[in-house]
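First the structure, in the form of C-alpha cells, and then the observations on it.
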Amino acid sequence: MINISNLSLYFGDRIIFDNIGITIKDNDKIGIVGRNGAGKTTLFKIILKELLPDNGQILIPNNQTIGYLKQELNLNTNNTVIEETLKAFDEIHAMEDEIKSIENKLAEREDYESKTYLQLVEDLISLGDIIKNHDVGALQGNVEKVLKGLGFEDRDFKRKVNEFSGGWQIRIELAKLLLRQPDYILLDEPTNHLDIEAIIWLEDYLQYYPGAVLLISHDQRFLDNVTKRTIEIENAKIFDYAAPYSKFVELRKDRRKKLIAAYSNQQAIIKQKEKTIARFMAKATKTKLAQSMQKQLDKMERIQVDEFDTKTMKLKFPPAERSGLVVVKADKLTKHFGEVQVLNEVDLILERGEKISFVGQNGQGKTTLAKIIINKLNYDKGELKLGHNVRIGYYAQNQSDQLDTGLTVLETMENNSSIETRTKIRKILGAFLFSGEDVEKKVFVLSGGEKARLALAVMLLRPFNFLVLDEPTNHLDILSKEVLKQALMDYDGSMIVVSHDREFLTNLTEKTVEFRNHKLKTFLGDINYFLEKRKIDDIRNIEFRTKNKDKEEKKSENKLSYEERKSIKRELSKVEKKIEKIEKEIEALEVEMLNPDFHKNVDANDKFKKHNNLKSELDIEMSNWEKIQEQIDKYY
C-alpha cells in the first residue's frame, strides 16, 4: 500500500499540490485525470521519488516494487527482440544471487546480536518475499505471449532491436515492464504507440493484472475498461471517485454544481463583508473592528472553481463544395519500401459524402495509403484517380511537429492564410482557445495539446471537401476530442480517418477498412460493428486461430487414457502438497530467524543450513511441477 499524506509541492510561486493525501491499495486500478499541466505526470515523479515534495510524506513498503514506462528508452539495440525482452528478469536474477551471497555470509558469522547481522536476516527474508511473489519460471513462459499480444510475430523475435521504429521499441520496453510484474505499474499515455489490436490486448491484460495500475490516458474507452477508480487533480487538490471515467464524468458534474453554488454563496458573503469593512473603516470608532473583520476575511479558505474545463475549442468545418460522385478510386495499388511489401494490389473507392476509417496493426500500410492518396508518396503499380473538383484537407499524425517553432501562433496562421481568410484569423484562433496574449506565444513554448489545436486551426485556412486525417486525436485531451468528433460528424464532405481511438471512431464512420497482410477488407459499419463482426475481444486471436485449431487437433490425436490422466493428476497433487509443506517450513524458519534471541540457540547454524537445503528442495519440486504441468498442457 502506498500512502501519501499532507503533501505539498511548489514550483516557484505556483502551487502544484496543496496538502493532498491519497492511499493506493495493492490491487487498485486507477485513472489519473486533469487538464494539461494539472500535475498528473508530476504525481508519478513523486511516487517514483524523482521529485521531493516540499511538505508531507509518501510511504512505500520496502519490499514493494514500482514499474514506470519511460519515454527515454534504454535498450541495447544490438540485441534481438527476445534477448532484450528477457532482460526483464535481470533484477530477479540479481536478487537470487544476492540471496545466495547473504546465506553464505550468515553461515560464516557469529555476531548474532549485531545490527548488521539482523539486517542481513531481514534482507534475506525481504528478498525471498519478492522472489516468491514473482515466479520467474512462469513469467519467462509468458515472454512470447506478451510480445505477440503487443503485435510482434514469431519471425520478429530474432530480429535486432535497431531494425524497429521508435514506436515498436517502446513496445519492447512495455513488454519488459509487464513481465517484471512490479507491485505498482505507472503508465503515462501507454496507447500512444499502439494500434487497436494491441490496445485491446493490453487493456485485457491490465484488467486482470495482480498488482496496482495507475494510468494517465486520453483514451476514454481504455480508461473505462481498465480502471475502477478515478483520481482528478484540480486546483492543486485531489478528488477521489470510486468509479471509472464515464461514471466519474457524471459524478463530477454533480460535484461541480454543488461547488459552483457554494462558490456563489461565498462570493456574496465576501462582497457583503467587504462593504461592511469599508463602511467601518470610514469611522474612527470602528477602525479596530474593521481591521479585525479584515483579518477574519483574509483567513477565510476561498473556494476555487477551475473554469478551464468549461472552455472547449469551438470547431465547425466550413460547408464542403460539391465534388464528383467518386472522390477517390484506387485499382490494384502496390507499394514496396525496398524489399518490404506494404500494399499488394489493393482496391479502394470513396464516394461523395462517405466517411470511412482505416484500422489495423501499425506497419500494415494505413498511413502509406493515406499519403499516396494525397500525393505525398508514389506507388509502384496500379492506378489512383481523384474525382472532379476534389480539394484535399490533410492532417498528418505528426502535423504539429511540422509547425515552425520560431514563429508565434499568430504568425503561423498569417503565413498559412490566403487574402480571403486573413481577416478571420483571430476569430479562428479564439475558437481554438488562443485569445489575448496567447496569440503572441512562440510555438516552441506550446504544450502538445496546444500545438495540435494550432495545427487543426491552420488546416481550416484552406478550402477542402475531402478530409484525410491521420491520428488526429494525438495530444488532444478528451474534451477536445469530443469537440473534434462532433465537428467531423457534422461535416458534409468526404473523409478518411486513420485512428486507434475506439471511442472517437464510434458512430463516426459508416465503413471500416481493415489493413491486414498487405490487403484491405471493408466492413459496412463503424468500429464497433467491425469488432463485433470479429466476435472477439482481442482481434489478434484471429491470427492464431488456425494455428490453435491445428494444435487442438493434434492434442485430440494424442489424448491419454483415463488411467493415465488420473496418474498425472495424482502426481501433480503430490508435488503441490510437497511444495506447500516446504514453503511452510521455510516460513516458520524465517520467523525464528527474525527473533533477536535466535542466535542463542545451539542449533542456529544447523537451521541456517536447513533453510538453504529447503530452498534447494523447493527449486527441485517447482521444476517437477512445471514438467508435469507441461505434460497436462500438451495432452489435455
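The values are calculated or read from the model by the stated rules, or taken from the named source; none is laboratory data. Quick caveat: nothing in here was measured; it's all calculated off a predicted structure. No Cβ is skipped: glycine too gets one built from the backbone with ideal geometry, and neighbour counts run over all protein chains shown. In case anyone asks, the SASA skips ligands and DNA or RNA and just uses the protein heavy atoms, side chains included. Shrake-Rupley method; radii C 1.70, N 1.55, O 1.52, S 1.80 Å.
Just a few scattered comments:
- Among the residues of the stretch 86-128, those that are surrounded by 15 or more Cβ atoms within 10 Å (Cβ to Cβ), within 31 Å of the chain's Cα centre (by Cα) and of a type in the set (A, V, I, L, M, F, W, C) comprise LEU86, ALA88, PHE89, ILE92, MET95, LEU127.
- You will find that of GLU450, GLU440, the residue that is closer than 22 Å to LEU407 by Cβ, in contact with a strand residue (DSSP E or B) (Cβ under 6 Å, 6 or more places away or on another chain) and open to solvent by 10 Å² or more (accessible area, probe 1.4 Å) is GLU440 and no other.
- Number of the condition not met by GLN486 [criteria: (1) open to solvent by 20 Å² or more (accessible area, probe 1.4 Å); (2) closer than 23 Å to ILE199 by Cα; (3) of a type in the set (S, T, N, Q)]: (2)
- Residue in the stretch 493-500 that is within 22 Å of LYS355 (Cα to Cα), surrounded by fewer than 19 Cβ atoms within 10 Å (Cβ to Cβ) and not small (Gly, Ala, Ser) present: no
- When ILE2, ILE32, ILE22, ILE47 are screened for being in contact with a Phe, Trp or Tyr (Cβ under 9 Å, 6 or more places away or on another chain), farther than 28 Å from HIS193 by Cα, hydrophobic (A, V, I, L, M, F, W, C) and touching a residue at least 60 places away in the same chain (Cβ under 8 Å), only ILE2 passes.
- Take the conditions (1) open to solvent by 90 Å² or more (accessible area, probe 1.4 Å); (2) modelled with pLDDT under 80; ASN605 misses just one of them, which is (1).
- Selection status of LYS176, crowded, with 20+ Cβ neighbours inside 10 Å and modelled with pLDDT of 90 or more: yes
- Residues that are of a type in the set (S, T, N, Q) and open to solvent by 10 Å² or more (accessible area, probe 1.4 Å), drawn from the stretch 181-196: GLN181, ASN192
- When the strands (runs of 3 or more DSSP E) confined to the stretch 341-427 are screened for residues that are open to solvent by 80 Å² or more (accessible area, probe 1.4 Å) and of a type outside the set (A, V, I, L, M, F, W, C), those reaching at least 1 such residues are found at 381-386.
- Of the numbered criteria (1) open to solvent by less than 80 Å² (accessible area, probe 1.4 Å); (2) closer than 25 Å to PHE248 by Cβ; (3) touching a residue at least 60 places away in the same chain (Cβ under 8 Å), the one THR65 fails is (2).
- Counting the residues of the stretch 512-534 that are touching a strand residue (DSSP E or B) at 6+ places or on another chain (Cβ under 8 Å) and open to solvent by less than 50 Å² (accessible area, probe 1.4 Å) gives 11.
- Enumeration of residues in the stretch 431-449 that are modelled with pLDDT under 90, touching a Lys or Arg at 6+ places or on another chain (Cβ under 8 Å) and part of a helix (DSSP H, G or I): ALA431
- The residue of the stretch 453-463 that is farthest from ARG422 (Cα to Cα), among those that are assigned to a loop (DSSP other than H, G, I, E, B) and open to solvent by 10 Å² or more (accessible area, probe 1.4 Å), is PRO463.
- Annotation: of all residues in the stretch 130-166 being exposed (fewer than 14 other Cβ atoms within 10 Å of the Cβ) and within 22 Å of VAL213 (Cα to Cα), the one that is modelled with the lowest pLDDT is ALA138.
- When the stretch 68-85 is limited to residues that are open to solvent by less than 70 Å² (accessible area, probe 1.4 Å) and not polar (S, T, N, Q), the one that is nearest to ASN601 (Cα to Cα) turns out to be TYR68.
- Selection status of PHE434, aromatic (Phe, Trp, Tyr) and either out of contact with any Ser or Thr (no Cβ under 9 Å at 6 or more places or on another chain) or touching a residue at least 60 places away in the same chain (Cβ under 8 Å) (or both): yes
- Residues in the stretch 249-290 that are charged (D, E, K, R) and under 30 Å from GLU234 (Cβ atoms): GLU250, ARG252, LYS253, ASP254, ARG255, ARG256, LYS257, LYS258, LYS271, LYS273, GLU274.
Results for (1) more than 22 Å from the chain's Cα centre (by Cα); (2) in a helix (DSSP H, G or I), shown as yes or no for each residue.
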| residue | (1), (2) |
| --- | --- |
| LEU467 | yes, no |
| PRO472 | no, no |
| LEU479 | no, yes |
| GLU482 | no, yes |
| GLN486 | yes, yes |
| MET489 | yes, yes |
| ILE496 | yes, no |
| HIS500 | no, no |
| GLU503 | no, yes |
